[in-house]
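Novice: So that we are looking at the same thing, I have put the structure below in structure tokens.
Every number in this text was worked out from the coordinates using simple rules, so none of it is lab data. Here the structure is a predicted model, which means the values were calculated and not measured. Methodologically, a virtual Cβ is constructed for each residue, glycine included, from the backbone with ideal geometry; neighbour enumeration extends over all protein chains shown.
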């Protein structure tokens, strides 16, 4: 590392004494190897401050810190050429390992006996993240050291302000226990992560860089193995990924759970580290040349193995920009690495990488894009599913999801629907003019707008606070990018994160650690910079207390079951708008029937006159007139009539390439209506995990079923709404509940004509 990346150190255990060079007691340490030789023989100082200037490698910074006559210097810093605290080996080791764990999405299953003993049975399902364990260990170690040594860190003040705003928004939205858990996770990654990384980048910058570089190398090594064994093309559904023992594998995702999360990690981590990789003082140095060559190969591998096309493009442009700040040589190496990766992608015999790039960078659904790979678990070649092509050339669902997310935020602009309530409410915001999410995944897992999710769940003020935190950090780092490669990398990494949050959400994907790393990596600022302040461990605790109190308050208040019940309804001018979608195998994609918010007009000549009366009916599982395996009727004393419909885990799903149908498992409910009405259908279900959290329904003679579920609420009875509304004529009807994933239970069906009615608990007939 060059002199401009030598991080300044602050020792507050004892004051720094400045003495004249003529005094024999002073001992000037020889310069470190990376320091310029010109600094080995400093000019004869004439004062104590000049002595400090003489042994420093950051004269410009020290000059800015120079106090005015008669003014005490509140910030006294020495470079690595001067005095610095010597950190204990145990502390650097713990921090190094902790950062490695944060570069994974590994979840550790806890033995069921231990989970039950702790009265937390969900632990047995593998919700304990390895990163949380690593962070806890590092946080305790750093806190102990800061208490003993009285060390301080500079904290980016906008970060705790943003976390506080998010917690306060949830107080007003009354998100309940689920919301409190999400806030706690966000506070852990953002506030706790920023504190940890502010300490590490200040006192152990080389260790931090080594840990990030090692994490990238490990993930690339795992990705290479996955590329050889599983291939590049495969995109696993969330259910399939979470069914794996450790949460990764069977697809090229590194140590992460999706291609998007893996792409986000590589892009953010590489842009942070790359400027430091090319940090060479002398261009003709052999060691420097070897470093640059290794960095070149590393970047080429990163560019090739970023599976998502959009993140690949963002990373390439950002890395060229950041390395250009370092030197022309670094920029040329980055351009060469990008060219090599593109060449291999284009001309490799296996065209899977090229096809994956084209599929993911395009905003449209492609004909050869495999929408759902749950049936491909044991396949070595791509399998075509007919339903994946019916919607080819339409806009991908993630773009509709983004529109719906900001639409949800506009309904409750001040505080949103509450953290943890996004999945249960987003489908309602597609209506009336957006296509309902299809039954299969047409996009990569974890592809949702992070900014949209923030706006929808915590409102626009808290979202703006987060944007403000990003903007302040980017500005501070750009200001110092010429004097610090760390600052250059942090600035570009934050830009990548900001752009990436338009297509994914690192804050809820286990990647908030690297948002915190970029936010905490600002070059130590000048003392008059208002956005950063010096904090001891006790001041940090005082900041955490009100945030913790708000989290407890959110958990203690009863949750609002339906936050959108009293929200402004969609504009009436769009209620008749339909989306064209191909429904027959031989039809033209430009032809179709509208099936979005309501069924098409009935084919007969009878007028459809929906009733103005409030209508609803409850169908208990015991009323199912026909049940086909693997769905079965089971006894359950908890539910009305003591009967549920269940597809036990491992009993089977529809064969590959087949739509859910009664012959592959399901049940039939027969009912009769006395009046015409527009119906909303709800299902009371239990999912055993993300590998079993969907079920299909079909009404009467519909050609195609729709999928209900795909949320993150497990092992508890809860209501899920069909993404589609129905026109029911007076008369007899059949509702088909069809097997799509095993490991599900169903107790009741709730049918109503009131869009604002949300069932709760077990409804009575």
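Novice: For a quick check: sort 732, 721 by the number of other beta carbons within 10 angstrom, fewest at the front.
Specialist: Going from sparsest to densest Cβ surroundings: 732, 721.
Novice: Now for a different question. Each label point is 7 Å from the Cα along the Cα-to-Cβ direction; what then is the distance between the points at residue 148 and residue 701, in nm?
Specialist: Placing both labels 7 Å beyond Cα along the Cβ direction yields 8.0 nm.
Novice: Report the normalised scattering of the range 666-723 as log10 I(q)/I(0) at q = 0.16, 0.24, 0.25, 0.30 Å⁻¹, calculated by the Debye formula with identical scatterers on the alpha carbons.
Specialist: Log10 of I(q)/I(0), two decimals: -0.58, -1.08, -1.13, -1.35.
Novice: Between residue 137 and residue 715, what is the FRET efficiency for a Förster distance of 30 Å, r being their Cβ-Cβ separation, to the nearest 0.05?
Specialist: Calculated transfer efficiency: 0.55.
Novice: Mean separation of Cα pairs under 8 Å and 6+ residues apart, divided by the residue count of the range 603-752: what relative contact order is that in percent?
Specialist: Worked out over the range 603-752, it gives 34 percent.
Novice: Plugging the Kirkwood radius over Cα pairs into Stokes-Einstein for the range 693-760, at a temperature of 4 °C and a viscosity of 1.567 mPa s, what D comes out in µm²/s?
Specialist: My calculation gives 97 µm²/s for D.
Novice: Please say if the range 603-752 is rounded, prolate or oblate, where rounded means a/c under 1.5 for a ≥ b ≥ c the square roots of the C-alpha gyration tensor eigenvalues, and otherwise the choice is prolate for a/b larger than b/c and oblate otherwise?
Specialist: It comes out prolate by the Cα gyration axes.
Novice: Can you sort 302, 348 so the residue with the fewest Cβ neighbours within 10 Å comes first?
Specialist: The fewest-first ordering by Cβ neighbours comes to 348, 302.
Novice: Next question, about the same structure. If you stretched the chain out fully between residue 339 and residue 651, how much longer would it get, using 0.36 nm times the residue separation minus the C-alpha to C-alpha distance?
Specialist: Gain in length upon complete extension: 107.5 nm.
Novice: Using only Cα atoms, locate the centre of the range 692-724 and the centre of the range 251-325, then give the distance between them in Å, rounded to an integer.
Specialist: If you average the Cα positions of each part, the centres end up 41 Å apart.
Novice: Right, next: Could you give the length gained on full extension between residue 641 and residue 556, defined as 0.36 nm per residue of separation minus the Cα-Cα distance, in nm?
Specialist: Here the answer is 27.3 nm.
Novice: Based on the mean of other beta carbon atoms within 10 Å per residue, what is the order of 622-629, 644-651, most packed first?
Specialist: Those peptides, ordered most packed to least, come out 644-651, 622-629.
Novice: Simple spin-label model, 7 Å along Cα-to-Cβ: residue 161 to residue 324 in nm?
Specialist: 3.2 nm
Novice: Taking 0.36 nm per residue of separation and subtracting the Cα-Cα distance, what length does fully extending residue 549 through residue 403 add?
Specialist: That pair, residue 549 and residue 403, stretches by 49.2 nm at full extension.
Novice: Another question about this same structure. Using the 2.2 N^0.38 Å rule of thumb for compact globular proteins, work out how the range 314-357 stacks up: its C-alpha Rg over that value, please.
Specialist: Taking N as the residue count of the range 314-357, the ratio is 1.34.
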